[in-house]
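One structure is given here, and the rest of the page talks about it.
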Amino acid sequence: MPNHTLITAHSGAEDTPDNSLTFVRCALALPIDALEVDVRRRADGTLALGHDAADDHAPTLAQAFELVRAHPTMCINCDLKQPGLEQAVYRLALSCGLTGRVIYSGTVDVRAASRVSGLQDAVEIYLNLEEVVPDLYARYRENPDFELHAAETVSAVCRTYGIRTVNMYHRLVTPRFCDRLAQQGLGVSAWTIDCPQTMAQILSYGVHNLTSRRPIEALAQRSAVQPG
């Protein structure tokens, strides 16, 4: 794990269009660690950028990968919006020379990913907590210890599949949850945080990654909370 929190630009950051090449170029011009795009298939099967749909005019994932390839310190978080994309995105990443620079989040089948030879060495998985704890949002605040039960559940899955980071909605992130995961050698990726005060609070927990639509502000908050 790095000694400071990574900053990821959420799709559409800094008032750019969501899942556009304009957004990708904007993010690549910033001193951040990663950018996030939503990935699904067009009707013809092409991997493309899109949250709820990807029409024939949607930018392709290959186009985004080509732009990212020219920036060797930048990673790209592929938020998978459909099941069954793990292998296809991995193969495209290999063909574009992005081994070690691709992150998966979203609808990730860890069992399917583990069966693809080489994938886990080339792709980092941010495991969405709700994929493992399906009743998460209904129960998280009902039971004051539910966060610890959730931490134990997701930690077991991460140990089984060699995953190092848990991805979760920032309002559910607590110091106690982060500490319990840290005891297991796991980090937290918190999404999506646009309020400066909330950024500072989450950064103070020492999370692995913070995703924001305001990455410039997030960088400033990181400098203030985690100097050096």
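The values are calculated or read from the model by the stated rules, or taken from the named source; none is laboratory data. Because the structure is predicted, anything quoted here is derived from the model rather than measured. Cβ sites come from the backbone with ideal geometry, for glycine too, and all protein chains shown count toward neighbours. The protein model used for the area step is the full one, side chains on, heavy atoms only, and it has no ligands, DNA or RNA in it. Shrake-Rupley method; radii C 1.70, N 1.55, O 1.52, S 1.80 Å.
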Taking the chain and counting helices only, DSSP H stretches of n ≥ 4 at -39,500 (n - 2.57) each over all residues, the nearest-500 ellipticity at 222 nm comes to -10500 deg cm²/dmol
Other residues with Cβ under 14 Å from the Cβ of GLU124 give, with Lys and Arg +1 and Asp and Glu -1, a net charge of -3
Sparse-neighbourhood loop hits (GluC sites (Glu not before Pro), region 135-228; DSSP loop; Cβ within 10 Å at most 10 others) -> GLU142
Computed ³J(HN,Hα) along region 211-217: with the Karplus parameters 6.51/-1.76/1.60, θ = phi - 60°, integer Hz and x for glycine or proline, the list is 9, 8, 7, 10, x, 5, 5
Rounded to a whole %, the carbon-and-sulfur portion of the accessible area of region 1-156 at a 1.4 Å probe is 49
Its Cα gyration tensor gives the chain an equivalent ellipsoid whose semi-axes in whole Å, largest first, are 26, 21, 16
Other residues with Cβ under 11 Å from the Cβ of VAL37 give, with Lys and Arg +1 and Asp and Glu -1, a net charge of -2
As a percent rounded to 5, the proportion of antiparallel DSSP bridges among beta bridges in region 1-101 is 35
Note to self: C-alpha centroids of region 17-46 and region 196-222 sit apart, in Å, by 20
Expressed in angstrom and rounded, the centroid-to-centroid distance over alpha carbons for region 142-184 and region 96-120 is 21
Lys and Arg at +1, Asp and Glu at -1: neighbours of GLY50 with Cβ under 15 Å from its Cβ sum to -4
Computed over the chain, the relative contact order (Cα-Cα under 8 Å, seq sep at least six) in percent reads 20
Counting only protein heavy atoms and rolling a 1.4 Å probe, one gets per residue an accessible area for region 55-107 in Å² of 43
For region 122-195, averaging the sequence separation of alpha carbon pairs under 8 Å that lie six or more residues apart and dividing by its residue count, the contact order in percent is 34
If one builds a Gaussian network model of the chain from Cα atoms under 10 Å apart, the most fluctuating residue listed among SER117, SER155, SER105 is SER117
Given a 1.4 Å probe, the accessible area of region 178-228 per residue, as a whole number of Å², is 43
Of all trypsin sites (Lys or Arg not before Pro) in region 109-151, the ones in DSSP coil with at most 13 other Cβ atoms within 10 Å are ARG115, ARG141
Pseudo-spin-label distance ALA224 to LEU148, built 7 Å along Cα→Cβ, given in nm, is 3.3
